[in-house]
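Below is one structure, written out as structure tokens; the observations come after it.
The values are calculated or read from the model by the stated rules, or taken from the named source; none is laboratory data. As the structure is a prediction and not an experimental result, all values here were calculated from the model. Methodologically, a virtual Cβ is constructed for each residue, glycine included, from the backbone with ideal geometry; neighbour enumeration extends over all protein chains shown. Note: accessible area is taken over every heavy atom of the protein model, side chains too, but ligands, DNA and RNA are not part of it. Shrake-Rupley method; radii C 1.70, N 1.55, O 1.52, S 1.80 Å.
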Amino acid sequence: MQREPAVPAVGPEEAARRVDEGAILLDVREPDEWHAGHAPDAVHVPLAALAASIGRLDKDQPIVAVCRVGGRSERAAGVLLQRGYDAVNLAGGMQAWHAAGMPVVTDAGEPGDVI
């Protein structure tokens with residue numbers, strides 16, 4: 001039985017470095033999670049909408065996928081990799097991002113929460 005290759009993963013510091021260098025931080029959480037708090041420069045596409053929205057993503061731009069703890073974003077990164085994108089998963093998700101002291105904001109720019 002052949003296993004699918006593992007989806008590459010990075011920690012929050014590496015994710016932030018990649019975003020600083022031009023990667024898209026793709027947040028695939030549900031709308032209520034996004035509205036509670038997200039990374040300031042993230043792009044929101046819920047996992048359920050990814051297949052329909054994938055064409056809006058630039059294949060020339062690396063992607064760091066993120067969710068709350070890393071499971072949904074791992075699936076999203078896997079789909080993106082299969083479609084030819086340069087994608088990695090943020091291990092530990094927004095919980096790890098927040099625990100590492102990275103900013104979490106609401107759409108209004110106020111401090112946010114990870115739910």
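Got at least one residue in segment 22-39 being open to solvent by 30 Å² or more (accessible area, probe 1.4 Å), part of a loop (DSSP other than H, G, I, E, B) and small (G, A, S)?
yes
So which residues in segment 43-69 are open to solvent by less than 20 Å² (accessible area, probe 1.4 Å) and farther than 19 Å from G84 by Cα, if there are any at all?
Selection gives C67 alone.
Can you work out which of the residues in segment 72-82 that are in contact (Cβ under 8 Å) with a residue 12 or more places away in the chain, open to solvent by 10 Å² or more (accessible area, probe 1.4 Å) and not hydrophobic (A, V, I, L, M, F, W, C) is farthest from E30 (Cα to Cα)?
G78
Can you pull out every residue in segment 103-115 that is surrounded by 10 or more Cβ atoms within 10 Å (Cβ to Cβ) and among the hydrophobic types (A, V, I, L, M, F, W, C)?
Residues satisfying the conditions are V104, V105, V114, I115.
Can we say L47 is touching a residue at least 24 places away in the same chain (Cβ under 8 Å) and closer than 26 Å to G109 by Cα?
Answer is yes for this residue.
Could you check segment 13-41 and list, in sequence order, the residues that are under 20 Å from Q61 (Cβ atoms) and aliphatic (A, V, I, L, M)?
Selection gives A15, A16, V19, A23, I24, L25, L26, V28, A39.
Is it true that some residue in segment 83-102 is open to solvent by less than 30 Å² (accessible area, probe 1.4 Å), under 17 Å from E13 (Cβ atoms), in contact (Cβ under 8 Å) with a residue 12 or more places away in the chain and in contact with a His (Cβ under 6 Å, 6 or more places away or on another chain)?
The answer is no; no qualifying residue exists.
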